[in-house]
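Read through the structure below, which is laid out as structure tokens, and then see the notes.
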Ligand SMILES: Nc1ncnc2c1ncn2[C@@H]1O[C@H](COP(=O)(O)OP(=O)(O)OP(=O)(O)O)[C@@H](O)[C@H]1O
Ligand SMILES: [Mg+2]
């Protein structure tokens with residue numbers, strides 16, 4: 001294995017919203033090709049952290065490095081250049097409602113990257129085909145299912161060639177039968193070496209591809225480690241307890257422990273690259 | 001009142017009265033356009049601007065919504081424009097025109113009202129639209145131009161057709177400074193014939209027809225630009 005190459009590194013992020021300290025000294029590093037999973041109870045600051053990572057929220061304090069260069073949001077131009085390199089997937093898709101699937105993927109290529117229209121169309125079609133929506137490109141968001149919308153939003157982000165992709169509960173707004181199609185795209189991206197940070201409650205799924213779990217609570221990362229460790233049978237980790245609670249809430253009372261355990265045993269043969277970083 | 005006698009008089013004066021339609025429509029379309037061109041930046045400034053910008057726009061809106069059109073017409077025609085046309089370097093520009101005064105008053109007032117229509121539409125859009133655009137690296141102004149406004153303007157069409165019908169009727173006030181639009185002409189004829197009522201009815205019918213046609217046209221526009229897949233909006237007559 002080659003030496004880990006940090007793509008995105010943040011140190012000491014603080015963020016106050018209203019009069020609440022939502023992020024309290026958060027630091028993390030994600031290396032090229034790694035997948036980091038943010039978990040934690042509602043209101044723990046996962047969305048805020050992800051939005052700080054591409055400056056949709058400006059952190060009150062803290063430093064950010066992208067691909068080895070420290071980023072200081074000094075000018076608008078630099079801010080836009082930075083955001084282009086950090087893709088964002090939202091829980092409720094946020095597709096541009098007045099544009100077709102193709103238009104959604106194309107528009108930033110044209111307006112932001114200054115690509116010629118024909119070239120942008122070509123690229124957008126490629127990206128839509130990659131997420132399995134080549135035949136839906138002329139439909140408007142209101143004509144797509146939730147799963148299809150989320151896949152369009154992934155094509156839209158990927159078309160910008162981001163160095164890292166941030167995903168904020170990409171499947172939470174979906175009907176259960178539509179979750180699979182989105183997870184399949186995420187799994188494909190992980191296997192293709194896409195660097196990702198994802199907030200999710202799909203613990204069993206993410207355990208199969210995550211290099212590290214980050215457990216957040218009250219604005220801090222209170223536990224971090226590889227899924228194998230955190231979800232080992234009999235582990236007393238916060239992650240394990242949280243996982244059990246989620247499964248319990250979703251109705252699988254007795255299944256909870258076994259589910260968590262089985263998700264970790266599925267990992268037994270997976271190389272653990274990211275364990276122990278930061 | 002003897003209708004049999006009035007009908008031929010109305011018939012005779014009709015070409016003269018109908019000639020006012022050109023003036024009325026020029027005023028209304030001109031003012032709508034001026035209101036649109038000013039109203040959009042005002043709305044954008046009021047939503048995304050700094051405190052100072054928002055404050056200034058607030059004062060503008062407050063002034064033009066607060067002062068009656070009739071008062072403004074006098075202020076512009078006999079005041080501001082009359083003064084400006086005395087300035088030597090501006091002489092010859094025809095600034096002392098009643099039509100120009102009416103156009104400015106109606107346009108600037110409409111800008112105040114239209115800005116509030118657009119502001120409402122912009123604020124009705126989900127916050128995520130702007131966030132998604134920014135996350136792709138768009139500047140705020142790119143996002144407003146290619147993401148926010150195309151959606152907000154669509155939402156504004158019903159409010160806009162309301163604004164049209166109000167503006168059309170406000171334009172009748174321009175008779176007060178002598179613009180030869182529909183109202184002015186019907187009053188002239190009514191005064192000559194000493195028959196105010198039938199001519200008031202003629203004016204009423206003309207304004208009604210123009211209102212109706214304009215609203216129909218905007219309804220068609222609304223249908224044309226509707227985003228596919230959205231449930232039909234409840235239709236208003
Ligand atoms: N604009 C805001 N103003 C004030 N407080 C806010 C704002 N946005 C979020 N918060 C607060 O910040 C905290 C963290 O919110 P955040 O959305 O980051 O949590 P989360 O971990 O993503 O939760 P969830 O799992 O529900 O999405 C919450 O307590 C929330 O109430
Ligand atoms: Mg969240």
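Structure notes:
- The stretch B:3-236, relative contact order in percent, only Cα pairs under 8 angstrom and at least six apart counted: 28
- Debye-sum result for the protein assembly as shown in log10 I(q)/I(0), which assumes one identical scatterer on each alpha carbon, at q = 0.07, 0.10, 0.12 Å⁻¹: -0.55, -0.87, -1.09
- Mean ellipticity per residue at 222 nm, deg cm²/dmol - from DSSP H runs of n ≥ 4 across the protein assembly as shown, formula -39500 (n - 2.57): -17500 deg cm²/dmol
- Kirkwood Rh and Cα Rg combined as Rg over Rh, evaluated for the stretch A:1-142: 1.01
- Springs join every pair of Cα atoms under 10 Å in this Gaussian network model of chain B, and among B:197, B:125, B:210 the largest mean-square fluctuation is at B:197.
- With Cα atoms, 0 to 90° folded angle of helix B:196-224 axis to chain B main axis: 20
- The stretch B:45-88 shape via C-alpha gyration tensor axes, a/c threshold 1.5: oblate
- Gap separating the Cα centres of the stretch B:192-209 and the stretch A:34-60, nearest whole Å: 68
- Taking 0.36 nm per residue of separation and subtracting the Cα-Cα distance, full extension of the segment from residue A:191 to residue A:58 would add 44.7 nm.
- Distance between the modelled labels on residue B:70 and residue B:205, one decimal in nanometres: 2.7 nm (7 Å Cα→Cβ projection).
- Rg followed by Dmax, in Å, when the stretch A:1-79 is reduced to its Cα trace: 13.3, 45
- The long axis of helix A:101-111 is offset from the longest Cα principal axis of chain A by roughly 70 degrees.
- Label-to-label distance, residue A:81 versus residue B:7, with points set 7 angstrom from Cα along the beta-carbon direction: 8.0 nm.
- Computed on the stretch B:3-236, the Cα convex hull volume stands at 162 Å³ per residue.
- Estimated FRET transfer efficiency when R0 is 25 angstrom, pair residue A:5-residue A:74 (beta carbons, to 0.05): 0.45
- Among A:181, A:217, A:78, the residue with the largest mean-square fluctuation in a Gaussian network model of chain A, with springs joining Cα atoms closer than 10 Å, is A:78.
- Spin-label pair residue A:32/residue B:52, simplified geometry with 7 Å Cα→Cβ offset, distance in nm: 4.7
- Using distinct alpha-carbon pairs, which all enter the 1/r mean, Kirkwood radius of the stretch B:116-237 in Å: 17.5
- In range of the label at residue B:139: residues from the stretch A:42-86 whose backbone nitrogen is under 17 Å from the point 7 Å along Cα→Cβ: A:73-84
- The long axis of helix B:51-66 is offset from the longest Cα principal axis of chain B by roughly 20 degrees.
- Expressed as a fraction of 2.2 N^0.38 Å, the value expected for a compact globular protein of N residues, the C-alpha radius of gyration of chain A is 1.00.
- For the options A:109, A:50, A:139, a Gaussian network treatment of chain A with springs between C-alpha atoms closer than 10 Å singles out A:139 as fluctuating the most.
- A straight chain from residue B:90 to residue B:169 at 0.36 nm per residue would run longer than the Cα-Cα distance by 25.3 nm.
Quick note: the coordinates plus some simple rules give every number you see, no bench work behind them. For clarity, every value in this text was computed on a predicted model and none was experimentally measured. FYI the Cβ positions are ideal-geometry reconstructions off the backbone, even for glycines, and counts take in every protein chain you see.
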